[in-house]
1. Over the chain, what percent of the accessible surface lies on carbon and sulfur atoms, probe 1.4 Å?
2. May I ask you to derive the relative contact order of region 1-136, considering only C-alpha pairs under 8 Å and at least 6 residues apart, and to give it as an integer percent?
3. If I take every Cα pair under 8 Å that is 6 or more residues apart in region 161-268, average their sequence separation and divide by the length, what percent do I get for the relative contact order?
4. Antiparallel DSSP bridges in region 161-279: what percent, to the nearest 5?
5. Out of all DSSP beta bridges with both ends in the chain, state the antiparallel percent to the nearest 5.
6. Arranged from highest to lowest average of other beta-carbon atoms within 10 Å per residue, in what order do the peptides 64-70, 22-28 appear?
7. For Arg71, what accessible area in Å² do you get when you roll a 1.4 Å probe over the heavy atoms of the protein chains, rounding to the nearest 10?
8. Leaving ligands, DNA and RNA out of it, work out the accessible area of His8 with a 1.4 Å probe and give it in Å² to the nearest 10.
Amino acid sequence: METTVTFHNGNTMPQVGLGVFRVQEGQEAVDAVKHAIISGYRSIDTAMIYKNEQSVGEGIRLGLEAAGIDRSELFVTSKIWLDDFGFDTAIQAYEASLERLGLDYLDLYLIHWPGTDTAKFIDTWKALEQLYNEGKVRNIGVSNFSVEHMEALLAQAAVKPAINQVEFHPYFDQKQLRDYLAGKQIVMESWSPLMNGEILTNEVISNIAEKHGKTPAQVVIRWNIENDVVVIPKSVTPARIEENLNVFDFQLSQEDLYEIEQLNEDRRIGPDPAGFTGA
């Protein structure tokens, strides 16, 4: 049912996963992750800064057990925060995330934001390369990197990032970055694809949803898929978690895609990576 994308190293990743940004550590996070896995999700995305890795790990264990599947069938992502930048601290941060999650390895480890010190994120990337080369993490990538950040990184990287997770939604379609990444065979992934719910009240999206007998959220997730973007909608509601994965039985028409394209305003809801320092 679920489609996957293939990285430049030949590894694959499910195209739809569960995001847990702003999900509190505790039972809510455990239940959401467990329900997602039982419902058919095979990708879970967290980060150190979300402060919920322990609960996510517990949800993973319970979910795998309930679904009767092996850890190898699940794709788990976490991210390193700016405070842990630097070669040695990055290695330690990875080990700490693994410990909190209760896992032996991650399928994907990302630099969460580039920060404003290029030398520092290059140093951090070198640590991720070492983890990757030693087989401690299956894939490495970045998040919130602009074309300029990517250029600076690729100029010194021995291992090319597999993916760049960025803000992407109908009001901010990142066309230049998408084209750039496609040219470099780097997958693009979107965070907050539903704009914390804001996009779901858009009339164009609602009309397209009605036409297909789907919800606005399903239309936006499908739009990500048809743009070859990996998407990780966040929800803690069981029915919504199921709904967000039920997007493989319809396609958007060229007209639908054109109408959604016209919604672009180059408008962010998150920080601009150019000056973001995590403070």
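1. Using a 1.4 Å probe with all protein chains present, the chain comes out at 45 percent carbon and sulfur.
2. Answer for region 1-136 is 20 percent.
3. Relative contact order comes out at 33 percent.
4. 10
5. If I count the DSSP bridges inside the chain, around 15 percent turn out antiparallel.
6. So the order, starting with the most tightly packed, is 22-28, 64-70.
7. 40
8. Here the residue's solvent-accessible area equals roughly 70 Å².
The values are calculated or read from the model by the stated rules, or taken from the named source; none is laboratory data. Here the structure is a predicted model, which is why all the values come from computation and not from measurement. Positions of Cβ are backbone-derived with ideal geometry, glycine not excepted, and every protein chain shown enters the neighbour counts. Protein only, heavy atoms only, side chains kept; ligands, DNA and RNA dropped before computing areas. Shrake-Rupley method; radii C 1.70, N 1.55, O 1.52, S 1.80 Å.
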